[in-house]
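For reference, the structure is listed below as structure tokens.
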Amino acid sequence: MKILGYIFLGLIGIILLTAIIIFFYVRRGLKKVAREMYGTDSIIDALNQSNKTLEDTHKSVNSMTKIYLPQIMRDFPEFNYEQFKNKAEHALLSAFAALSSDDMSVVTDASDDMRSKIRSLVEMNQANDYDEDYSDCIIHQTDITQYTKRAGICKITLQSALEYYHTVKRRSDGKVVQGDPNRKAQEKYNVEFIYVQDKTKMEKIGHGNDSIGSHCPNCGAPVTVLGAKHCEYCGSALLQINVLVWSINNFTKV
């Protein structure tokens, strides 16, 4: 039995020695990486520098502008891409401002659905006794990421890469329950525009087809271009047919 005990203790000793060797080997490797990448032997300092690098690295948007913009321009010849980018960015900033101030009056360029979403978020914070804050927001890039046409509604989704300081605090004691007041967050958001064509003047072409058409009130010819103001056959104005409104319908964190 004593022999077995000695063998058992010997195995434990070997395991501990192996663990110590592995520890120092890994530590030496980490120090080497820290020295080569960050110029320091301190693993903690290297991790802090790594976190700082991540904090300053902007996220990349899923840019499909080159693909979708020509399609949108064919459907809507008067489409102003820069104007849409500005509206999307202003809508995001106004949503952050509303959540930070609990003031819905600062929301701009938003549909009733988007206003309702922001109002629900504000009311949720109030019910949970939370104080949410977005500050120093900078938008780095905004591009078209999606364009769809379905059942009389066109949707354009723009994606923005941005950074901000974001915190959620308890109002009762000021304790931070989400976010870090000293660290910037790099995020991406989608902003969705919708374009609704008057359904009373519309009909679906075929079955399972996303194409939408209406007819010229003068010659009865089908209107195949969304956003067209004149019939391509007789030239008659189509303003009475197309009751068209672009609005920002939603925003989501990606």
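Computed from the coordinates by the stated procedures, all read-outs in this text should not be read as laboratory data. Fair warning: this is a prediction, and the values are worked out from it, not measured in the lab. Counting neighbours? That spans all protein chains shown, and the Cβs are built from the backbone with ideal geometry, glycine included.
Ordering VAL254, VAL61 by the number of other Cβ atoms within 10 Å of each residue's own Cβ, fewest first, gives VAL254, VAL61.
Sorted ascending by nearby beta carbons within 10 Å, beginning with the fewest, CYS219, CYS154 become CYS219, CYS154. Taking packing as the residue-averaged number of other Cβ atoms within 10 angstrom, the listed peptides 159-170, 123-134 run from highest to lowest as 159-170, 123-134. A simple count of charges around ASP112, restricted to other residues whose Cβ falls under 15 Å of its Cβ and scoring Lys, Arg +1 and Asp, Glu -1, yields 0.
With a cut-off of 19 Å, note down the residues of region 58-95 whose backbone N falls inside the zone around a label point 7 Å from the Cα of GLN178 toward its beta carbon. Backbone N within reach: 92-95. The order of the peptides 114-122, 171-179, 91-99 by mean Cβ neighbours within 10 Å, most packed first, is 91-99, 114-122, 171-179. Evaluate the distance, in nm, between pseudo-label points positioned 7 Å from the Cα of GLN186 and of ILE67 along their respective Cα→Cβ axes. Once both label points are built, they end up 2.4 nm from each other. Averaged over residues, the count of other Cβ atoms within 10 Å places the peptides 72-83, 182-193 in the sequence 182-193, 72-83, highest first.
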